[in-house]
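Accompanying notes for the structure given below.
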Amino acid sequence: MSLDNTPHPSCKHCADTVSARYVHGRPETELVPSRYALKVGAIDVMVVSDGVLSLPGAMLGHNVDPAVRAAWLADMFLPPDVLEWALNAVVVRSGGRTILVDAGMGEEFPDLPRSGKLAQRLEDAGIDPGSVTDVVLTHMHMDHCGGLLADGVKERLRPDLRVHVAAAEAEFWEAPDFSRVSMPPGFPDALRRTGKRFLKEFSSQLRTFENEYEVAPGVIVQRTGGHTPGHSVVRLASGGDRLTFAGDAVFQVGFEHPDWFNGFEHDPEEAARVRVRLLRELAANRESLVATHLSFPSVCHVAVDGDVFRWVPGPWEY
Ligand SMILES: [Zn+2]
């Protein structure tokens with residue numbers, strides 16, 4: 001096999017070459033890993049990638065001296081300007097229910113063409129949208145709920161689908177406050193538009209909760225606030241195993257610099273408090289962590305390293 005023919009995710013030229021083979025239809029097999037299955041006790045978990053988001057590096061810490069931020073990115077072998085953020089969703093099966101946690105970007109923002117792959121990748125994984133009994137939204141940013149608004153998706157969902165979201169989140173998107181965020185141009189408008197549209201199109205499926213709700217045996221959605229007022233995490237527990245899907249409470253930089261404000265946080269101080277509290281807890285009870293924007297498949301552990309945290313990626317178990 002020639003290395004010249006091996007697609008590399010960070011090599012746009014190679015990626016284009018690969019897609020060009022399939023310009024007249026969707027590829028039969030994607031040459032990238034996009035799903036990863038694991039067990040948490042009796043609960044089945046599958047991390048599914050929606051693709052990647054190309055976003056400015058400044059989004060990782062807008063309250064930080066740009067030179068300090070640039071030094072961190074260089075230390076991490078990351079480019080200084082535009083980064084590829086992973087975009088992970090999770091399918092959980094427990095007690096006869098099939099739960100989709102977050103739904104990816106869909107077609108909400110055409111400038112992010114490397115995302116919005118969830119529908120295709122669920123199909124490739126043999127998961128029929130009609131088999132999903134519940135959707136849990138960690139929050140209603142477009143990269144988490146947009147996938148349900150994509151063309152042709154809603155018609156394939158069950159009429160009795162339940163969409164769980166914190167009451168504070170649904171309320172927030174009626175009149176969202178963007179005064180504390182630091183996003184690239186175009187994002188606030190697109191996020192407002194998507195949030196409003198989601199509330200309207202899924203109003204009859206919405207099941208709101210105040211602080212927490214047990215969606216299925218061992219699957220509990222818990223409101224944290226911070227990133228958005230109704231931001232929530234999903235805690236899985238079965239047979240002594242535990243895993244938390246942290247949504248946007250933790251970004252890659254958040255282990256070493258939990259106090260760096262992410263540009264998408266609507267209440268950055270509270271988001272940093274939530275992050276520290278959650279990372280401390282995960283380090284203490286040694287449970288697994290999966291998060292939306294940690295590099296796919298993102299299954300990892302959290303260690304305490306002096307005053308900060310350390311990201312400990314899990315072994316690839318295949
Ligand atoms: Zn996000």
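The values are calculated or read from the model by the stated rules, or taken from the named source; none is laboratory data. Model, not experiment: these values are computed from the prediction. Methodologically, a virtual Cβ is constructed for each residue, glycine included, from the backbone with ideal geometry; neighbour enumeration extends over all protein chains shown.
Results, tabulated for the structure shown:
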read-out: Sole exception among (1) assigned to a loop (DSSP other than H, G, I, E, B); (2) over 25 Å from Ser179 (Cβ atoms); (3) under 15 Å from the mean Cα position of the chain (by Cα) for Glu265, by number; value: (2)
read-out: For Glu270: the one exception among (1) surrounded by 21 or more Cβ atoms within 10 Å (Cβ to Cβ); (2) closer than 26 Å to Met105 by Cβ; (3) without any contact (Cβ under 8 Å) to a residue 60 or more places away in the chain; (4) more than 16 Å from the ligand (Cβ to nearest atom); value: (1)
read-out: Count of region 295-309 residues which are closer than 27 Å to Gly51 by Cα, away from the ligand (no atom under 16 Å from the Cβ) and touching a helix residue (DSSP H, G or I) at 6+ places or on another chain (Cβ under 9 Å); value: 3
read-out: Sole exception among (1) more than 25 Å from Val221 (Cα to Cα); (2) touching a residue at least 24 places away in the same chain (Cβ under 8 Å) for Pro110, by number; value: (2)
read-out: Filter result for Asp248 (out of contact with any Cys (no Cβ under 9 Å at 6 or more places or on another chain), of a type in the set (Asp, Glu) and within 16 Å of the ligand (Cβ to nearest atom)); value: yes
read-out: Search result, residues across region 295-305 that are under 18 Å from Leu278 (Cβ atoms) and either free of Cβ contacts under 8 Å to residues at least 60 places away in the same chain or out of contact with any Gly (no Cβ under 8 Å at 6 or more places or on another chain) (or both); value: Ser298, Cys300, His301, Val302, Ala303, Val304, Asp305
read-out: Residues of region 276-294 satisfying the condition of being within 14 Å of the ligand (Cβ to nearest atom) and of a type outside the set (Val, Ile, Thr); value: Ala291, His293, Leu294
read-out: Unique residue being in contact with a Pro (Cβ under 7 Å, 6 or more places away or on another chain) and more than 22 Å from Pro297 (Cβ to Cβ) when the list is Asp65, Asp111, Asp81; value: Asp81
read-out: In region 209-245, residue farthest from the ligand (Cβ to nearest atom) [restricted to those that are among the basic types (Lys, Arg) and touching a Ser or Thr at 6+ places or on another chain (Cβ under 6 Å)]; value: Arg235
read-out: Only one of Val304, Val233, Val250, Val215 that is of a type in the set (Val, Ile, Thr), more than 29 Å from Ser115 (Cα to Cα) and either under 14 Å from the mean Cα position of the chain (by Cα) or in a strand (DSSP E or B) (or both); value: Val304
read-out: Residue match in region 111-130 (condition: at positive phi, within 16 Å of the ligand (Cβ to nearest atom) and under 18 Å from the mean Cα position of the chain (by Cα)); value: yes
read-out: Residue that is nearest to Asp44 (Cα to Cα) [pool: residues in region 218-230 that are part of a strand (DSSP E or B) and not polar (S, T, N, Q)]; value: Val219
read-out: Boolean, Val45 is of a type in the set (Val, Ile, Thr), within 16 Å of the ligand (Cβ to nearest atom), modelled with pLDDT of 95 or more and out of contact with any helix residue (DSSP H, G or I) (no Cβ under 8 Å at 6 or more places or on another chain); value: no
